[in-house]
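Structure, as C-alpha cells:
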Amino acid sequence: MSLGKHLLGTEGLGASDITLILDTAERMAEISARPLKKVPALRAKLVVNLFFENSTRTRSSFEIAEKRLSADALNFSASTSSVQKGETLVDTVLNLERMQPDCYVMRHASPGAHQLILPFTKASVVNAGDGAHEHPTQALLDAMTIRRKKGGFKGLDVLICGDIAHSRVVRSNIHLLKTMGAKVTLCSPATLMPPHMDSLGVKVTHDFNEALKGKDVVMMLRMQLERQQKGLFPSLREYYQRYGLTEERLGLASPEVIIMHPGPINRGVEIASEVADGPCSVILDQVENGVSVRMAVLYLLLGGGEDEAAH
Amino acid sequence: MKLLIKNGRLVDPASGTDETLDLLIEDGKFSAIEKSITARGADVFDATGLVVAPGFIDMHVHLREPGFERKETIASGLAAALAGGFTGVACMPNTNPVNDCGAVTRFILDRAKTSSPVAVYPVGSVTQELKGEDLSPFAELKEAGAVAFSDDGLPVKSSKVMRRALEYAGSMNMAVIDHCEDLELAHGGSMNEGEASARLGLRGIPAEAEVIMIRRDLTLSRMTGQHVHIAHVSTKLGVDVIRVAKKRRVAVTAEATPHHFSLTEDEVASFDSNYKMNPPLRTKEDVEAVIEGLADGTLDAIVTDHAPHAYEEKLVEFDRAPNGIIGLQTAVPLAIDRLVLPDKISLKRMVDAFSCAPARILGLKDKGRVESGISADLTIFSLRKETFLKPQDIKSLSKNSPFLNRKIRGAVVATVIAGAVYPVKD
C-alpha cells in the first residue's frame with residue numbers, strides 16, 4: 001500500500017491513508033527505541049530540506065527522521081541561499097532538480113507554494129508548513145499522540161484554542177480529526193478567528209471557559225507577541241486572563257483530558273507552567289512522535305520496501 | 001472605396017434596431033443601412049448568420065507603455081484589442097511615467113496612431129504620480145486627448161481630494177473613474193474574504209472594502225452633482241448600493257469585468273496566480289448579483305481590466321503575485337457564453353454594454369451607434385462559433401489568462417474600423 005507521491009495537506013487524505021501512516025509510525029517508533037537507531041530503508045535517497053522560513057523544531061525532526069532511515073539530507077535555508085539574491089522559488093527548484101533529489105521537504109510562508117513547484121520537479125514533495133494553510137505532519141503527529149492516549153478518534157471532543165487566523169496547524173488538524181470522526185471546536189478572540197471558519201465543519205466560540213467543558217483533548221496554539229503589536233488584541237495580560245490555560249480552568253475539561261501544544265510554548269501567555277509540565281500534558285510526547293510520523297511519511301512516499309522497514 | 005456588409009443581424013441599441021439589414025460603407029463612413037442593398041463595385045462581406053454591432057469599446061485597459069514594455073506595448077495591446085473585436089480602448093494611467101501630463105497623453109496617442117487602427121482613449125490620472133495628493137492638470141490632459149480621469153489600481157483615498165477631483169473634472173464634463181477599495185480594510189489581502197480564504201489560509205479582502213468606498217463616492221457624487229464612474233464592481237453589496245443610487249438619480253455609472261461574472265473564489269484553491277486579481281474573485285452570490293446588475297443596467301459597461309503581467313511575474317507564490325489577467329481576446333466570447341446564451345441578458349444589452357455605454361460614459365462623439373455619415377466602426381461576431389485560444393493565439397505580450405485552452409461559445413469574426421475589415425483568424 002502506498003500514499004501516492006506527495007503529502008501536501010491533510011485535506012483530502014482518507015481515513016485509510018491516515019491509519020496507514022499512523023500504523024507505520026508505530027513501527028518507526030520501535031526503530032527509535034533500539035540501541036542502533038537506524039535502518040537502511042532510504043539508503044542513497046536524497047532528501048532536500050527546503051526551508052524558506054525559520055524553523056528549528058520541524059526541520060530537526062525531519063532531519064532526524066531522514067537520518068534514521070539512512071537518507072542523505074541536504075539542508076537549504078533561505079537565509080543563506082540564493083533566495084536572498086532574488087532567485088525565484090521556481091528557479092531554486094529547477095536548480096536543485098539537477099542534483100537529482102528524491103524528495104523535497106519544504107516550508108514556505110506562502111499558502112500553496114507547494115502547488116507552484118509541482119510542475120517543475122520529478123521528486124516527492126512534503127509540506128512542512130505553507131503559510132497559514134497546512135502543516136500535515138504536525139496534524140499526523142498530533143493524531144499519533146491522541147491515538148496512543150485515547151485509543152482512537154471516534155466521538156472525541158477536541159478543542160483548539162489560540163491564534164486560529166495565523167495557524168497552519170489548525171487547518172491540518174481540522175481536516176484530519178474530522179475525517180477520523182472527532183468533533184472539533186475552535187476558540188479564540190474574534191480578531192484572531194477568520195470569518196467563515198465554521199464552513200469547515202467545526203464549532204466556533206470565543207468563550208474559553210464554556211468551550212473547555214467536557215473536552216477530551218485541548219490543543220493550545222502559540223500566541224505571538226507581534227499579533228498584539230498589530231492590534232489584534234489589547235495585551236498579553238488580557239489574553240492570558242481570557243485564554244490562558246491555567247490549572248483552575250483545566251478542571252472544566254474532562255477528567256481524562258490531554259493537553260497538547262505544537263510548540264514552542266509561551267509559558268504564562270497561552271499556557272501556565274503548571275499545566276504545560278503537569279500530568280495531563282503530552283506536549284513532549286508530540287515532539288517524540290514527530291520523528292516517528294515523519295519517518296513514516298518519508299518511508300511511504302519514497303517507496304522503501306516492506307522488508308527493509310522491518311529489518 | 002466601397003464595402004457592403006450583407007445579410008447580417010444588425011443590433012444597434014441606440015436606434016433600437018435588431019433585424020437583418022445590409023450596410024453600405026463609403027470612404028470609411030456608413031452611407032446606407034437598408035434591406036437588400038446592391039452596390040456595384042463594392043467589396044462584399046457576407047455576414048449571413050452573424051451579428052453586426054456598433055464597434056466595441058473597452059473602457060478599462062492597461063497598455064503598460066510607457067514603462068512596462070516587458071508586459072505589454074501599445075502595439076501588442078492594440079493588436080489584442082483588434083483580435084478581440086474592439087475598435088477602441090481606454091487605457092489607464094498607471095504607467096511609468098504616470099499619464100499625469102499632456103506629454104504622456106500625446107506620447108500614447110502618437111504611439112497608437114503609428115501602430116494600430118484601434119482608437120486609443122487615454123485616461124489621465126486624478127492625482128500627480130498617483131500619489132493621491134495633488135490633482136493632475138485636468139485641462140492640459142483633456143487638451144492633449146484624455147477622456148476621463150482615474151488613479152486606477154489605487155482608490156482616491158482622500159475624500160477631500162475625491163471631492164475636488166469630481167468638482168474640477170465635472171466642470172469640464174468629464175468623469176472620474178474610481179477603483180473602490182478601502183485599503184486598510186483590505187489589509188493586503190490576496191483573495192476574497194470568505195469560505196475559500198478560511199480554508200486556504202490566504203488573507204482575504206472583504207466585500208465591505210469595496211462597498212465602503214463606493215458609498216463614499218456616491219455620497220460625494222451626490223454632494224457635487226458630478227459624474228463618478230465605479231470601476232470593476234465585484235460584489236453584491238456594491239451592485240445593490242449603485243442600484244439604489246441610480247434610482248435616486250445620483251450621477252453614477254459603473255462597469256463589470258468578464259472574470260467577475262464568470263468565476264468565483266473557489267478557483268483560488270488551485271493557487272494558480274491567474275486567479276489573482278483586484279478586486280478578487282468573489283462568491284457565487286456576488287457573480288449572480290453582477291450578472292443581474294448588467295442585465296438591469298445598474299452596471300452600464302462590460303470592461304476587461306486587461307492587465308498583462310510577464311510570465312515570470314505571475315510564476316510566483318500566490319500571495320506575492322501581481323494582480324490581474326489579460327482579457328481583450330476573451331471578453332466578447334465570455335459575454336456570449338455566460339450571459340447571452342444562457343439568457344441572463346439580452347443580446348441588445350450586451351451590445352449596449354460593450355459599445356453605447358462606454359461611448360456615453362466617456363463622451364465619445366459618434367461612437368457606439370450605427371448611423372449614416374459617421375465613421376464605420378463595427379464588431380461582427382457569431383453566437384454559434386466557438387473560441388478556443390492557445391497561448392500562441394494571444395496577441396498580448398503576456399499570456400496571463402485562466403481562459404486559455406478552454407472552449408468558450410461565441411466568437412468575434414471581424415473588427416471593422418473606418419470601413420476597413422480586420423478578420424479574426426480561426
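The values are calculated or read from the model by the stated rules, or taken from the named source; none is laboratory data. Computed from a predicted model, the values in this text were never measured in an experiment. A quick note on method: Cβ atoms are made from the backbone with ideal geometry, for glycine too, and the neighbour counts reach across all protein chains shown. Side chains are part of the model used for accessible areas, which takes the heavy atoms of the whole protein and leaves out ligands, DNA and RNA. Shrake-Rupley method; radii C 1.70, N 1.55, O 1.52, S 1.80 Å.
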Quick one: of the DSSP bridges fully inside chain B, what percent are antiparallel, nearest 5? 50 percent
Two-site label geometry, B:Asp43 and B:Tyr311: point separation in nm, points 7 Å out along Cα→Cβ: 3.5 nm
Could you compute the FRET efficiency for A:Gln241 and B:Glu208, with r as their C-beta to C-beta distance and R0 at 41 Å, rounded to 0.05? 0.85
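Among B:394-401, A:54-61, what's the highest-first ranking by average C-beta atoms within 10 angstrom per residue?
Descending packing order for the listed peptides: B:394-401, A:54-61.
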Keeping all protein chains in place, calculate the accessible area per residue for chain B (probe 1.4 angstrom), answer in Å². 38 Å²
Sorting check: for B:333-340, B:104-111, B:378-385, which peptide has the highest mean count of neighbouring beta carbons within 10 Å, and how do the rest follow? B:333-340, B:378-385, B:104-111
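Nearest-5 percent of antiparallel DSSP beta bridges in the protein assembly as shown?
In the protein assembly as shown, approximately 35 percent of DSSP beta bridges are antiparallel ones.
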Which order do A:His135, A:His206 take when ranked by solvent-accessible area (1.4 Å probe, heavy atoms of all protein chains), largest first? A:His206, A:His135
From the phi angles alone, apply the Karplus equation (6.51, -1.76, 1.60; θ = phi - 60°) to segment B:110-127 and give each ³J(HN,Hα) in whole Hz, x where the residue is Gly or Pro. 5, 4, 5, 4, 7, 10, 6, x, 5, 6, 10, 10, x, 9, x, 7, 6, 10
Size of the dipole of the protein assembly as shown about the Cα centre, Lys and Arg at +1 and Asp and Glu at -1 on the beta carbon, nothing else charged, in debye to 20? 340 debye
For B:28-34, A:151-157, ranked highest to lowest by mean beta-carbon neighbours within 10 Å, the order is B:28-34, A:151-157
Per the C-alpha gyration tensor (a ≥ b ≥ c, the square roots of its eigenvalues), segment B:56-362 is rounded if a/c is under 1.5, else prolate if a/b beats b/c, else oblate; here it's rounded
For A:Met223, list long-range residues whose amide hydrogen, built 1.01 Å from N in the peptide plane, is under 5 Å from its own amide hydrogen. A:Asn266, A:Glu270
Quick one: Cα centre-to-centre distance for segment B:263-309 and segment A:191-261, in angstrom? 37 Å
Got a number for carbon plus sulfur as a percent of the protein assembly as shown's accessible area, 1.4 Å probe? 49 percent
Hey, quick one: spin label on B:Arg222, modelled 7 Å out along Cα-Cβ, who in segment B:276-317 has an amide N within reach, i.e. under 19 Å? B:298-299
A:Met180 - accessible surface, heavy atoms, 1.4 Å probe, Å² rounded to 10: 30 Å²
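If a/c stays under 1.5 just call it rounded; otherwise compare a/b with b/c (prolate if a/b is bigger, oblate if not). Do that for segment A:112-225, with a ≥ b ≥ c from the square roots of the Cα gyration tensor eigenvalues. All intermediate terms of the calculation are to be shown ahead of the outcome.
Details: a/c = 2.23, a/b = 1.41, b/c = 1.58.
It comes out oblate by the Cα gyration axes.
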Too-long pairs where the Cα-Cα distance tops 23 Å, listed order kept, from B:Lys157/B:Lys365; B:Lys2/B:Lys367; B:Lys160/B:Lys365: B:Lys157/B:Lys365; B:Lys160/B:Lys365
In chain A, what percentage of the DSSP-assigned beta bridges are antiparallel, given to the nearest 5? 5 percent
Using label points projected 7 Å from each Cα along Cα→Cβ, tell me how many nm separate A:His206 and A:Leu36, to one decimal. 6.0 nm
For segment B:302-316, take each phi angle, set θ = phi - 60°, evaluate the Karplus expression 6.51 cos²θ - 1.76 cosθ + 1.60, and give the result in whole Hz per residue in order, putting x for glycine and proline. 9, 10, 8, 6, 3, 10, x, 9, 5, 2, 6, 5, 8, 7, 9
Label-point separation in nm, B:Ala418 to B:Asp266, each point 7 Å along Cα→Cβ: 4.8 nm
Can you spot the aspartates and glutamates whose alpha carbon is less than 12 Å from A:Lys183's alpha carbon? Ignore those fewer than 8 places along the same chain. A:Asp157, A:Asp216
With an 8 Å Cα cut-off and a minimum separation of 6 or more residues, compute the relative contact order for chain B in percent. 20 percent
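Evaluate peptide A:126-136: per residue, the Cβ atoms of other protein chains within 10 Å of its Cβ; return the mean as an integer. Present the calculation step by step, with values, prior to reporting the outcome.
On the way: counts 0, 0, 0, 0, 4, 7, 6, 5, 3, 1, 0.
What the average comes to for A:126-136 is 2.
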Please report the accessible area of B:Asp286 (heavy atoms, 1.4 Å probe, ligands and nucleic acids excluded) in Å², nearest 10. 20 Å²
Taking a ≥ b ≥ c as the square roots of the Cα gyration tensor eigenvalues, with a/c under 1.5 meaning rounded and otherwise prolate when a/b beats b/c or oblate if not, the protein assembly as shown comes out prolate
Placing +1 on the Cβ of each Lys and Arg and -1 on the Cβ of each Asp and Glu in chain B, which of B:Pro358, B:Ile242, B:Val370 has its Cα farthest towards the positive end of the resulting dipole? B:Val370
Taking the full set of protein chains and a 1.4 angstrom probe, give the accessible area of A:Glu210 in square angstrom, rounded to the nearest 10. 100 Å²
For segment A:171-206 the residues that are at least 20 Å² less accessible with all protein chains than alone, 1.4 Å probe, are A:Arg171, A:Pro195, A:His196, A:Ser199, A:Leu200
What does the average come to when, for each residue of peptide B:264-273, you count the partner chain Cβ atoms lying within 10 Å of its Cβ? 2
List the accessible area buried at the contact between A and B, summed over both sides and calculated with a 1.4 Å probe, in Å² to the nearest 100. 1600 Å²
10 Å Cβ neighbours from other chains, averaged over peptide B:313-319: 6
Name the lysines eligible as straight-distance cross-link partners of B:Lys284: C-alpha to C-alpha under 27 Å, and not fewer than 8 places from it in the same chain. A:Lys178, A:Lys203, B:Lys236, B:Lys246, B:Lys247, B:Lys276, B:Lys314, B:Lys344, B:Lys348, B:Lys399, B:Lys407
Amide H neighbours of B:Ser150 at under 5 Å, excluding residues fewer than 5 places away on the same chain, with H built from the backbone geometry, are B:Gly124, B:Ser125, B:Val126, B:Ile177
Reachable lysines from A:Lys45, criterion Cα separation under 16 angstrom, eight or more residues apart if same chain: A:Lys5, A:Lys67, A:Lys122
Among the Cys residues of chain A, which have no other cysteine Cβ under 4.7 angstrom away? A:Cys103, A:Cys280
